[in-house]
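Everything on this sheet refers to the single structure shown next.
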Amino acid sequence: MASGRADSCRVISVASTTRPRAVYPNSLMPSLSVYGAQWGDEGKGKIIDRLAIGADFVVRYQGGANAGHTVVVGDEKYVLHLIPSGILHPGKVNVVGNGVAVDPLKFLDEVSGLRERGVAVDGTNLRLSAGAHVIFAHHRRIDQLGERWLGDGKIGTTGRGIGPAYGDKARRSGLRVSDLLDADRCRERLGAALAEKNALFQAVHGEESMDLETELDRYISVGARLAEFVCDTGALVRAAYREGKQVLFEGAQGVMLDIDLGTYPYVTSSNTGPNGIPSGAAFPVGQVDQIVGIAKAYCTRVGEGPFPTEDHGEEGTAIRKAGNEFGATTGRPRRCGWFDAVAVRYASECHGTHGLVLTNLDVLSGFENLKVGVAYEQDGTVFDDYPAHLPSLEGVRPRLETLPGWDENIEGARTWEELPERARDYVEWLEEQIRIPIVMLSVGPERDQVIPRGLSL
Ligand code: IMP
């Protein structure tokens with residue numbers, strides 16, 4: 001049962017515990033997995049951009065253009081959807097692994113957009129797996145029509161065709177990037193796929209069918225433009241690791257959206273944490289050396305589905321405003337609420353996480369009180385640990401503890417000592433709740449607005 005802290009804001013000093021603090025110097029970081037420990041949008045883009053400084057390879061292994069990783073460099077803001085966040089650093093190899101669902105039109109748009117802004121992108125610093133599954137226009141349409149079909153029961157997807165493309169992969173009817181490079185094979189497989197999808201469009205959704213020749217024209221020419229990037233990325237990354245290169249795995253979305261571990265069915269269609277690396281990057285599980293989760297100092301979610309610590313009142317609105325919580329991919333306002341220690345502890349335990357990066361701490365400045373979910377309650381039963389066995393989290397209520405907030409603007413803080421005491425207390429108390437060290441803090445969108453606490457850059 002959860003222990004109550006009704007009257008005070010007891011702070012457990014981290015220094016008083018015997019738990020060792022993890023340290024991650026770059027020189028000891030042959031491979032590092034960085035993943036989202038909440039419902040996505042944890043600020044991974046910025047952290048991965050920073051960590052990319054010490055990496056040779058930055059690898060995406062799951063998800064697709066449903067992700068939106070925002071990186072701010074000076075006055076320039078980049079939102080990357082498919083291309084790994086390391087692309088903004090010269091000399092890094094950025095890899096889109098076989099587990100990513102690739103919309104080739106979006107991939108090429110992103111390449112052109114970066115080039116127009118002066119970022120060098122070519123077949124040497126961007127590699128695309130021949131085995132990655134392709135998201136076609138018909139997948140995007142099915143995604144959107146499927147949501148319409150579900151009505152009130154919709155998932156609230158990004159509409160980018162993710163679920164239908166991974167669905168076809170599991171049904172063994174998908175096409176992979178290598179299929180786009182072979183016109184005959186593309187005709188055969190896309191023809192078979194569209195025949196079935198057209199029956200669905202017409203008979204189920206009462207919509208127009210799609211013309212095979214138009215689609216073939218579009219995608220075969222796209223295949224030719226992709227060719228310079230395509231290779232066996234698994235072999236490339238394994239060889240790099242063998243040669244002592246540093247490999248950074250960039251997770252998209254978050255563990256609570258993981259197809260197996262998340263709040264099913266309100267999830268995305270891939271394994272979002274390090275659990276996706278062996279299959280999605282063809283990289284040995286035992287060679288993922290360090291695992292770091294990322295979580296905001298509060299919590300947000302986009303789309304439908306359970307969110308126990310959501311705040312529907314003024315404070316939720318205040319968090320949205322202070323944190324500018326609108327989707328990078330869809331522009332949708334994000335649902336906002338308090339840090340959910342139950343969910344983050346679950347995410348970190350499932351993945352044997354070594355440390356957590358806590359982002360957007362600056363957003364909490366000015367809140368008189370801060371709440372944190374420390375347990376869930378449903379029909380009189382209290383769950384201290386994430387109740388993954390429940391058919392649904394719908395209807396669970398959080399047990400919230402309250403801590404005092406701070407007024408000071410902390411955007412300029414660069415060291416632990418520069419933070420107000422109450423901010424430090426908040427961080428240390430969260431650390432106790434999640435049972436892993438908080439190894440870095442982020443206090444603003446800029447590259448340099450971080451406070452290292454063990455995770456060096
Ligand atoms: P899908 O991935 O587009 O199928 O959407 C499934 C669920 O995951 C929806 O609730 C989306 O809002 C959510 N989702 C997908 N990608 C992201 C992301 O990058 N950040 C936050 N939520 C996401």
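The values are calculated or read from the model by the stated rules, or taken from the named source; none is laboratory data. None of the values given here were measured: they were computed from a predicted structure. We place every Cβ from the backbone using ideal geometry, glycine too, and count neighbours over all the protein chains shown.
For the reader, a short list of remarks on this structure follows.
- Residue that is farthest from the chain's Cα centre (by Cα), among those in the range 239-262 that are among the β-branched types (Val, Ile, Thr) and within 16 Å of the ligand (Cβ to nearest atom): Ile259
- Of the residues making up the range 186-234, those that are of a type in the set (Asp, Glu) and in a helix (DSSP H, G or I) are Glu188, Glu196, Glu213, Glu215, Asp217, Glu228.
- All conditions but one from (1) crowded, with 18+ Cβ neighbours inside 10 Å; (2) basic (Lys, Arg); (3) under 25 Å from Thr263 (Cα atoms) apply to Arg453; the one that does not is (3).
- Checking Gly40 against (1) modelled with pLDDT of 95 or more; (2) at positive phi; (3) more than 16 Å from the ligand (Cβ to nearest atom), the condition it does not meet: (3)
- The range 402-431 residues that are of a type in the set (D, E, K, R), paired with ones that are assigned to a helix (DSSP H, G or I) and modelled with pLDDT of 95 or more (beta carbon under 8 Å, 6 or more apart): Glu408/Ala423; Glu411/Asp362; Arg424/Trp416
- Among (1) more than 16 Å from the ligand (Cβ to nearest atom); (2) crowded, with 16+ Cβ neighbours inside 10 Å; (3) more than 22 Å from Arg60 (Cα to Cα) - the single one Val121 does not satisfy: (3)
- Residues of the range 160-182 satisfying the condition of being more than 22 Å from the chain's Cα centre (by Cα), among the basic types (Lys, Arg) and not in a helix (DSSP H, G or I): Arg172, Arg176
- Residue under evaluation Ile291, criteria (1) among the aliphatic types (A, V, I, L, M); (2) out of contact with any strand residue (DSSP E or B) (no Cβ under 9 Å at 6 or more places or on another chain); (3) under 30 Å from Leu390 (Cα atoms), criterion not met: (2)
- Boolean, Glu368 is among the charged types (D, E, K, R) and under 22 Å from Glu411 (Cα atoms): yes
- Qualifying residue in the range 196-217 (condition: surrounded by 17 or more Cβ atoms within 10 Å (Cβ to Cβ) and within 16 Å of the ligand (Cβ to nearest atom)): no
- A Cβ distance below 8 Å, combined with a sequence gap of six or more or placement on separate chains, defines the contacts here; from the range 378-389, residues that are in contact (Cβ under 8 Å) with a residue 24 or more places away in the chain reach residues that are surrounded by 11 or more Cβ atoms within 10 Å (Cβ to Cβ) and of a type in the set (Lys, Arg) in the pairs Val382/Arg399; Asp385/Arg345; Tyr386/Arg345.
- All conditions in (1) closer than 21 Å to Gly99 by Cβ; (2) of a type outside the set (D, E, K, R); (3) away from the ligand (no atom under 11 Å from the Cβ); (4) without any contact (Cβ under 8 Å) to a residue 40 or more places away in the chain hold for Val134, with the sole exception of (4).
- In the range 325-335 there is no residue matching the filter, namely being under 16 Å from His69 (Cα atoms), in a strand (DSSP E or B) and either of a type in the set (Ser, Thr, Tyr) or touching a Leu at 6+ places or on another chain (Cβ under 9 Å) (or both).
The rows are residues; the columns are (1) closer than 23 Å to Ile142 by Cβ; (2) among the β-branched types (Val, Ile, Thr); (3) out of contact with any Cys (no Cβ under 6 Å at 6 or more places or on another chain); (4) in contact (Cβ under 8 Å) with a residue 24 or more places away in the chain.
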site	(1), (2), (3), (4)
Glu215	yes, no, yes, yes
Val222	yes, yes, yes, yes
Arg225	no, no, yes, yes
Val237	no, yes, yes, yes
Tyr241	no, no, yes, yes
Gly244	no, no, yes, yes
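- The number of residues in the range 252-270 being in a strand (DSSP E or B) and farther than 21 Å from His133 by Cβ comes to 1.
- Residues that are touching a Leu at 6+ places or on another chain (Cβ under 7 Å) and of a type in the set (Phe, Trp, Tyr) within the range 106-143 comprise just one, Phe107.
- The residue of the range 389-437 that is surrounded by the fewest Cβ atoms within 10 Å (Cβ to Cβ), among those that are in contact with a helix residue (DSSP H, G or I) (Cβ under 6 Å, 6 or more places away or on another chain) and over 27 Å from Ala375 (Cα atoms), is Glu411.
- Flag for Val237 being assigned to a loop (DSSP other than H, G, I, E, B) and hydrophobic (A, V, I, L, M, F, W, C): no
- For the range 149-195, a residue qualifies if it is surrounded by fewer than 17 Cβ atoms within 10 Å (Cβ to Cβ), in contact (Cβ under 8 Å) with a residue 24 or more places away in the chain, more than 13 Å from the ligand (Cβ to nearest atom) and closer than 27 Å to Gly303 by Cβ, and exactly one does: Trp149.
- Pick from the range 276-287, criterion surrounded by fewer than 22 Cβ atoms within 10 Å (Cβ to Cβ) and not hydroxyl-bearing (Ser, Thr, Tyr), ranking: farthest from the ligand (Cβ to nearest atom): Gly286
- Flag for Phe307 being within 15 Å of the ligand (Cβ to nearest atom) and closer than 21 Å to Pro387 by Cα: yes
- Residue match in the range 40-59 (condition: part of a loop (DSSP other than H, G, I, E, B) and closer than 18 Å to Ile135 by Cα): no
- One residue from Asn271, Asn369 being in contact (Cβ under 8 Å) with a residue 24 or more places away in the chain and within 16 Å of the ligand (Cβ to nearest atom): Asn271
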